[in-house]
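Engineer: Handing you a structure now.
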Amino acid sequence: MKVVAINGSPHKDGNTYQCLAEVGKAVQAAGIDYEILQIGTRVHPCLACSHCIENHELQCVQDDDGVNEIIKKCIEADGIILGSPVYHGGIAGGMKCVLDRLMLCAGCVDNQLHHKVGAAICTLRRSGGMETYQQLLGTMDAMEMVIVTSDYWGAVHGHQAGEVQQDTEGMEVMAKLGRNVAWMVKVIDAAKGKIDPPETHARTFTNFIR
């Protein structure tokens, strides 16, 4: 069993990373592998070229920025945690580029993400946490993932790197989130061969035009 976390911050060891690391301590304590995937600083946006859909490929045609490796590891994982700093009231730009491509390549043809455990966290200086947190959750919601939460919203405060450590409640929320993610991954794994997953099928796309 393995859980991967996408660090959507361009700062490798910043506040978002530290929160994901706190989640990871609890996941690993439960005996589950855990890896934080760092997005690059020059990730490309989705081109909306539909190459991945038309060719039924589980990867993006843009193959020079490391996003395909993230897509591959998310497909292989049992659980996925999305982490992003709040930039101007929403998901950081680089993280949005990764999510657009991940969801299109791995979720919009033969959905490889359905029934995987999912969770979200964000870091922020002052405000915009709920908006960003909901955006991250909404991404997984559309992929038919099993969303796990903590006992409070996954938004931790801090500006300079390391300040999230001073948000005692926020870091406790991270630890509880890690325990809950690990528990749900184990529950789903234990059900294999005993309880069949619910039936799923491709969506019927409807455009709102006349």
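Engineer: Just the number please: accessible area per residue for the chain, 1.4 Å probe, all protein chains included, in Å². Don't skip to the end; give the middle numbers.
Structural biologist: Values: 11250 Å² over 210 residues.
Computed with neighbouring chains in place, this is 54 Å² per residue.
Engineer: Between rounded, prolate and oblate, where does segment 87-161 land on the alpha carbon gyration tensor, with a ≥ b ≥ c its root eigenvalues, rounded for a/c under 1.5, else prolate if a/b exceeds b/c? Before the final figure, lay out each step's value.
Structural biologist: Numbers: a/c = 2.88, a/b = 1.61, b/c = 1.78.
Oblate, because a/c is 1.5 or more while a/b does not exceed b/c.
Engineer: Follow-up question, since we're still on this one. Can you give the net charge of the other residues whose Cβ lies under 13 Å from the Cβ of residue 106, counting K and R as +1 and D and E as -1?
Structural biologist: -2
Engineer: Run the numbers on segment 14-142 and let me know its relative contact order in percent, using alpha-carbon pairs under 8 Å that are six or more apart.
Structural biologist: 28 percent
Engineer: Now for a different question. If each residue of separation counts as 0.36 nm, what is the full-extension length gain between residue 200 and residue 168 once their alpha-carbon separation is subtracted?
Structural biologist: Working: separation 32, 0.36 × 32 = 11.52 nm, distance 4.03 nm.
Difference between extended and current length: 7.5 nm.
Engineer: Hey, can you grab everything whose amide H is under 5 Å from the amide H of residue 5? Only 5+ residues off in sequence or another chain; H modelled, so Pro and N-termini drop out.
Structural biologist: Amide H to amide H, under 5 Å and 5 or more residues apart or across chains, residue 5 pairs with 35, 36, 37, 81.
Engineer: Let me ask you something else. Compute the distribution of all C-alpha to C-alpha distances in segment 102-146, in bins of 10 Å from 0, and list the percent of pairs in each, rounded to whole numbers.
Structural biologist: 29, 44, 22, 5
Engineer: Then there is this: For segment 13-36 and segment 119-158, compute the distance between their C-alpha centroids and round to whole Å.
Structural biologist: Rounded to whole Å, the Cα centres lie 16 Å apart.
Engineer: Using the Kyte-Doolittle scale, which helices in the chain average at least -0.5 and also have C-alpha atoms spread 24 Å or more along the helix axis, with helices defined as whole DSSP H runs? Mind dumping the intermediate values first?
Structural biologist: Details: long enough: 168-191 (35 Å, 0.39).
In the chain, the long hydrophobic H runs are 168-191.
Engineer: Using the per-residue mean of other Cβ atoms lying within 10 Å as a proxy for protection, in what order, highest first, do the peptides 79-91, 193-205 fall? Each step should come with its number before you reach the end.
Structural biologist: On the way: 79-91: 22.6, 193-205: 7.7.
Packing order, densest peptide first, comes out as 79-91, 193-205.
Engineer: Also, quick follow-up: What ranking do 185-191, 38-44 get when scored by the average of other Cβ atoms within 10 Å per residue, highest first?
Structural biologist: 38-44, 185-191
Engineer: Students often check this: by mean Cβ neighbours within 10 Å, which of 112-120, 62-70 ranks highest, and how do the rest follow? Mind showing how you got there, number by number?
Structural biologist: On the way: 112-120: 21.2, 62-70: 16.9.
For the peptides 112-120, 62-70, the packing ranking is 112-120, 62-70.
Engineer: To continue, here is another question. So for segment 142-210, taking the charge dipole from beta-carbon charges (+1 Lys/Arg, -1 Asp/Glu), which of 191, 178, 165 sits furthest toward the positive end?
Structural biologist: It is 191.
Engineer: Amide H of residue 146: which non-local residues (sequence gap of 5 or more, or other chain) have their own amide H closer than 5 Å, using H built in the peptide plane?
Structural biologist: Result for residue 146 returns 115, 116, 117, 118.
Engineer: Under Stokes-Einstein, with the Kirkwood radius over Cα pairs standing in for Rh, what whole-number D in µm²/s applies to the chain at 37 °C and 0.692 mPa s? Working shown, then result.
Structural biologist: Numbers: Rh = 17.4 Å.
After rounding, the answer is 189 µm²/s.
Engineer: Now for a separate question. Taking all protein chains in place and a 1.4 Å probe, what share, in percent, of the accessible surface of the chain do carbon and sulfur account for? Mind dumping the intermediate values first?
Structural biologist: Numbers: 5700 of 11250 Å².
Taking all protein chains in place, the chain shows 51 percent carbon and sulfur surface.
The values are calculated or read from the model by the stated rules, or taken from the named source; none is laboratory data. Being a predicted model, the structure only gives us computed values, none of them experimental. Note that each Cβ is placed from the backbone with ideal geometry, even for glycine, and that neighbours are counted across all protein chains shown. For the accessible areas, the whole protein counts, side chains as well, though only heavy atoms, and no ligand, DNA or RNA atoms are used. Shrake-Rupley method; radii C 1.70, N 1.55, O 1.52, S 1.80 Å.
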